Amino acid sequence: MRLILLGAPASGKGTQAAVLTEKFGVPKISTGDMLRAAVKAGTPLGREADTLMKGGKLVPDSVVIGLVEERLKESDAQKGFILDGFPRTVAQAEALDALLKRLGVGLDFIVQIDVPRDLLMERATLRRTDKRTGQIYHLKYSPPPSDADLEHRADDQEETVKKRLDAYDAQTAALLPHYEQLGVLRRVDGVGSPKEVTTRMLSQITG
Ligand code: AP5
Ligand code: MG
């Protein structure tokens, strides 16, 4: 399975990617998670990304394309992958098309998770993640267990979320026609419980 999850900030890409990665036995490749790991490690890339991410801006295409290119060459990605949060610009989509062509593989599906903007703000600001496991929780919809070691993402403050949503509308929504043309785009209603969304997604991609 080679699949891309597209969707606005906090639409549920990470939540669904965690389920799909188990179901299909392929790795989840999240550029956001990779960049946050670089920020934590304090690498030069992490320091550059930190400022941009805290400002709700995208990291340069060349940086994320390089990260994904390296990651897709690793052995566990040879049998497939779930891409979460990449591509996000037309330049990234074109670089991915070229890379997959060089690797001699194609995409099975691009799944767009649709969630109205007013729900996205609440999903982002009340999100919490377990530092040790990476498990994603929500204080209202997916409450964490009492022993979870929670962190609140630096870019989940209301003002930053607004900027991230604007960046999505300005740069990432433009990818939909690109994938629609290729005939591999599937749209899934992202409103409902995470399980309901998974069921809708699976019915779209497994028939
Ligand atoms: P990234 O980490 O990719 O963030 P994002 O796209 O903004 O998406 P999120 O991770 O915020 O949301 P999600 O869709 O994964 O939702 P989740 O499942 O957590 O990127 C962060 C930053 O890194 C970017 O702003 C940019 O700076 C940089 N970056 C990353 N990739 C880049 C790229 N390719 N190019 C350039 N820059 C890049 O769910 C959200 C919340 O909702 C959780 O609390 C969850 O529990 C809850 N929830 C999930 N599903 C449901 C449901 N069905 N019902 C109720 N609650 C739900
Ligand atoms: Mg995510």
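Laboratory data are not the source of any read-out in this text; all were calculated from the coordinates shown. Predicted model only: the values in this text are computed from it and were never measured. A quick note on method: Cβ atoms are made from the backbone with ideal geometry, for glycine too, and the neighbour counts reach across all protein chains shown.
Here are the numbers:
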{"read-out": "Neighbourhood charge, 14 Å Cβ-Cβ cut-off, centred on L202 and excluding it, Lys, Arg +1 and Asp, Glu -1", "value": "0"}
{"read-out": "Relative contact order (percent, whole number), the chain, Cα cutoff 8 Å, 6+ residue spacing", "value": "30"}
{"read-out": "Once the Cα gyration tensor of region 1-111 is diagonalised, semi-axes √(5λ) in Å", "value": "22, 16, 14"}
{"read-out": "The chain: calculated mean residue ellipticity at 222 nm from DSSP helix runs of at least 4, using -39500 (n - 2.57)", "value": "-14500 deg cm²/dmol"}
{"read-out": "Cleavage-rule hits (trypsin sites (Lys or Arg not before Pro)) in region 58-122: DSSP loop, at most 16 neighbouring Cβ within 10 angstrom", "value": "K73, K79"}
{"read-out": "Rg(Cα) / (2.2 N^0.38 Å) computed for region 111-156, rounded to two decimals", "value": "1.22"}
{"read-out": "Computed over region 34-122: relative contact order in percent, which uses C-alpha pairs under 8 Å that are six or more apart", "value": "15"}
{"read-out": "Ranked S203, S146, criterion: other C-beta atoms within 10 Å, fewest first", "value": "S146, S203"}
{"read-out": "Per-residue Cβ neighbour rank within 10 angstrom, fewest leading, F81, F24", "value": "F24, F81"}
{"read-out": "Globularity index of region 97-136, i.e. its alpha-carbon radius of gyration over 2.2 N^0.38 Å", "value": "1.88"}
{"read-out": "Over region 123-207, relative contact order from alpha-carbon pairs under 8 Å, at least 6 apart, %", "value": "19"}
{"read-out": "Inter-part distance where region 135-151 and region 1-60 are each reduced to a Cα centre, Å", "value": "19"}
{"read-out": "Cα-based Lys pair tally, region 13-125, threshold under 16 Å, eight or more apart or on separate chains", "value": "8"}
{"read-out": "Where only alpha carbons of region 47-88 are counted, the Rg and the Dmax (Å)", "value": "12.2, 36"}
{"read-out": "Burial ranking of peptide ranges 139-145, 107-113, 48-54 (average Cβ count within 10 Å, highest at the top)", "value": "107-113, 48-54, 139-145"}
{"read-out": "Computed over the chain, Cα set: Rg, Dmax in Å", "value": "16.2, 47"}
